[in-house]
Amino acid sequence: MADSAPAKKTFTIGTRKSKLALLQTDLVQAALKEAYPDYEFKIFSKETAGDLNTTIALKDFTSKNLWTEELEELMIAGQVDFIVHSLKDVPTLLPATCTLGPMMPREDSRDVFVVKQGLPYKSLAELPAGSVVGTSSIRRTAQLARKYPHLKVLDIRGNIGTRLSKLDAEDSPYTCAILAAAGLLRLDLQDRITQYLDSKNSGMLYAVGQGALGIEIRKADTTLLDMLKKIGHQETTFACLAERSLLRTLEGGCSAPLGVESEWVAGKLRMRSVVVSVDGKQCAQVEVDGQVDSPESAEAFGVTVAKALVADGADKILEEIQQNKLTKESVAS
């Protein structure tokens with residue numbers, strides 16, 4: 001009797017349970033299956049703290065790893081081999097034994113303006129005074145306060161489907177919502193995008209890592225690191241590492257309302273970046289070009305951009321935000 005075929009080497013991928021998280025994990029799984037047809041890639045999903053609590057505003061959470069911690073614990077314990085995240089949800093400081101692998105090509109990284117169904121507005125600039133914009137992001141809130149002080153901002157939480165339902169409900173207070181383009185595009189909801197937002201047409205810069213997938217692995221897992229290099233995209237990886245280095249340098253553990261816009265120009269990485277006070281009245285902004293050709297130079301470039309922002313006054317804005325947060329916390333306790 002012929003020997004049975006040896007069991008395929010199997011890798012388990014950890015992810016959140018949301019529709020978008022599973023869809024993003026499918027993208028990574030498909031790329032790995034194509035590159036390594038002899039291996040098997042299984043998906044294990046679970047709900048995390050950020051999924052289970054959709055009532056508290058994001059800015060009011062004390063933890064920074066709402067969407068990552070439980071999955072990281074499973075990976076450290078060896079129950080999953082690696083985790084697929086939306087990169088913008090991944091804290092800039094990872095557990096000591098974990099690291100990010102090379103990243104696949106980035107989806108559109110911009111924010112988008114999504115108008116309530118039935119309303120005629122085609123851009124943020126067209127909205128009349130008093131219109132209500134749905135967002136839970138302190139970064140978007142601050143940039144809106146700066147550029148569009150006549151608009152009101154109201155918190156909106158939940159996955160993309162939930163937010164669109166809240167926006168479109170007949171009795172909803174919202175005129176529009178601001179979301180990440182990437183989620184809508186990946187869920188095939190591009191017909192809901194009214195306007196793509198960028199520094200030129202609206203003064204809106206996006207979140208660090210937005211549009212990219214973060215593949216988190218154990219630091220010691222050199223096999224997986226080499227495998228991910230085969231599906232990785234160097235320009236995405238370097239730009240995102242630079243953005244994360246910028247945020248890590250600036251925030252020192254507190255949430256920084258930081259907007260970025262990265263692009264490759266003539267072989268160099270150009271990064272526009274802005275830090276705005278929550279009321280929109282103070283702003284530090286820079287545009288810096290740098291030679292980025294390795295993970296190390298990407299990290300160094302992020303630090304350079306952070307220093308330029310601090311020189312333009314970002315430290316004072318961040319200090320004030322941190323003071324206000326501490327005051328709120330002491331009042332609450």
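Read-outs throughout are calculated quantities, based only on the coordinates presented, and are distinct from any laboratory measurement. These numbers were taken from a predicted model, which means no experiment stands behind them. Heads up, the Cβs are rebuilt from the backbone with ideal geometry, glycines too, and the neighbour counts pull from every protein chain shown.
Annotation for the range 224-333: chymotrypsin sites (Phe, Trp or Tyr not before Pro) lying in DSSP loop with at most 15 further Cβ atoms inside 10 Å of their Cβ do not exist.
Which value at 222 nm does the chain reach when only helices count, each DSSP H run of 4 or more adding -39,500 (n - 2.57), with the total divided by all residues and rounded to the nearest 500 deg cm²/dmol? Could the numbers behind the result be given before it?
Working: 10 runs with 118 residues, N = 333.
Result for the chain: -11000 deg cm²/dmol, rounded to the nearest 500.
Where in the range 197-278 are there trypsin sites (Lys or Arg not before Pro) that are in a DSSP coil and have at most 15 other Cβ atoms within 10 angstrom of their Cβ?
Listed in order of number, the matching sites are LYS200, LYS219.
Taking every alpha-carbon pair under 8 Å whose residues sit at least 6 apart, the range 233-328 reaches a relative contact order of 31 percent.
Report the gain in length on full extension from ASP226 to LYS200: 0.36 nm times residue separation, minus Cα-Cα distance, nm rounded to one decimal. Let's see the in-between values first.
Working: separation 26, 0.36 × 26 = 9.36 nm, distance 3.88 nm.
That works out to 5.5 nm of additional length.
Given a Förster distance of 45 angstrom, what is the FRET efficiency for THR162 paired with GLU34, based on the Cβ-Cβ distance and rounded to 0.05?
On the way: r = 33 Å, r/R0 = 0.73.
Rounded to the nearest 0.05, the efficiency is 0.85.
A straight chain from GLU235 to LEU189 at 0.36 nm per residue would run longer than the Cα-Cα distance by 13.9 nm.
One equal scatterer on each Cα of the range 111-197, no solvent, Debye formula: the resulting log10 I(q)/I(0) at q = 0.14, 0.15, 0.19 Å⁻¹ is -0.41, -0.48, -0.79. Considering only Cα atoms, the convex hull volume of the range 263-333 works out to 106 Å³ per residue. Here the label points at THR97 and SER123, each 7 Å from Cα along the C-beta direction, are separated by 5.3 nm in the simple model.
Considering only SER273, VAL28, SER294, and ranking their Cα positions along the charge dipole of the chain that arises from unit charges at the beta-carbon of Lys, Arg, Asp and Glu, the one farthest toward the positive end is SER273.
Quick one: Debye curve from the C-alpha atoms of the chain, no solvent, what's log10 I(q)/I(0) at q = 0.06, 0.11 Å⁻¹? So the normalised log intensities work out to -0.22, -0.73. Answer with one residue from SER172, TYR121, THR135: the one whose Cα lies farthest towards the positive end of the charge dipole of the range 111-197, charges on Cβ with Lys, Arg +1 and Asp, Glu -1. Result: THR135, furthest along the dipole toward the positive end.
Among the listed pairs LYS88/LYS219; LYS230/LYS268; LYS19/LYS219; LYS122/LYS230; LYS230/LYS307; LYS166/LYS307, those with a Cα-Cα distance over 32 Å are LYS122/LYS230; LYS230/LYS307; LYS166/LYS307.
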